[in-house]
Amino acid sequence: MTTRNKLAPTPEAEADDGEINTVYGDMITFVAMLFILLFTLSYNEQKDETFFTQMRLTFGAKKIEQTKLITSEELFVSKLQGYIEKEKLEEQARVLVDEHKIKLILNPPALYNSGSAVIKPAGKKLLSEIGQIFSSVRNPIIIEGHSDNIPFKDNRGKYESNWDLSFHRAYSVVKYWVKRFDFSPVQLSCLGYGEFHPLVPNDSPENRSRNRRIEINIIRVTEAASLVP
């Protein structure tokens, strides 16, 4: 009759030890990754879409993995932000993102002379470069014109009011993009709001300058709608 060596581990004990080691290893890895993420966020001064997109790209080892990690919307926003930073347009352009739309805000001096809806040469250059980024978009795009609350006087009689001027400025962007990039008129539309949708109170020259703007809005139709073909 033989007896089992009491010091030798049983197969069941060896299996239990393996599971414990696996769980322990996973826990240590998770804690380490969490620490790295919190440390990085604590030193980030630009907690915006560009930063988080770049973070995802940094941690993706391969292009295929990167494609899975980031969405077409994040890539689009990252391209816009990158263009604004590259061209040093932070004072003239900014990007806002919410659950309904992606919005690019442009201050009129970048596109028009005062009291005019005719796009100036520098404005056409800006719209051409931005249009290349927007050219891959398939969602509806609404271009809005806005003004401050100072009564508008056009000695030439071409525009009757701030509302009239704001509409024609938005319309000029639509016409330029349709001709320049062959956008479908079905995809693009324009609205003029005049002084009636201010971003901030019209109580200072700085605030009135912020309210004079063109907004280019990409509408999120459904979760399944893609920004790219």
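Determine the dipole magnitude for the range 77-141: charges of +1 sit on the beta-carbon of Lys and Arg, -1 on that of Asp and Glu, nothing else is charged, the reference point is the Cα centre, and the result goes in debye to the nearest 20.
Using only the charged Cβ atoms, the result is roughly 220 debye.
How far, in nm, would the chain grow between ILE219 and ASN113 when pulled straight, counting 0.36 nm per residue and subtracting the alpha carbon separation?
Numbers: separation 106, 0.36 × 106 = 38.16 nm, distance 2.87 nm.
Computed gain between ILE219 and ASN113 is 35.3 nm.
Only bridges whose two residues both fall in the range 97-229 count here: according to DSSP, what percent of them are antiparallel, nearest 5?
Of the beta bridges lying entirely in the range 97-229, close to 70 percent run antiparallel.
Tell me which residues come under 5 Å, amide H to amide H, from ASN202 once H is placed; ignore anything under 5 positions away on its chain.
none
Report the one residue of PRO108, VAL95, PHE76 whose Cα lies farthest in the direction of the positive end of the charge dipole of the range 73-118 (charges on C-beta: Lys and Arg +1, Asp and Glu -1; origin at the Cα centre).
Projecting each Cα onto the dipole axis, the largest value belongs to PRO108.
Among residues other than GLY115 whose Cβ falls under 12 Å from its Cβ, what is the net charge (Lys/Arg +1, Asp/Glu -1)?
The answer is +3.
Hey, any idea what % of the range 80-229's accessible area is carbon plus sulfur with a 1.4 Å probe?
Reported share for carbon and sulfur atoms: 53 percent.
The values are calculated or read from the model by the stated rules, or taken from the named source; none is laboratory data. Note that the coordinates shown come from a computational prediction; the quantities given were computed from them, not determined experimentally. Every residue, glycine as well, gets a Cβ built from its backbone with ideal geometry; the counts of neighbours run over all protein chains shown. Just so you know, the surface numbers come from the protein's heavy atoms only, side chains and all, with ligands and any DNA or RNA stripped out. Shrake-Rupley method; radii C 1.70, N 1.55, O 1.52, S 1.80 Å.
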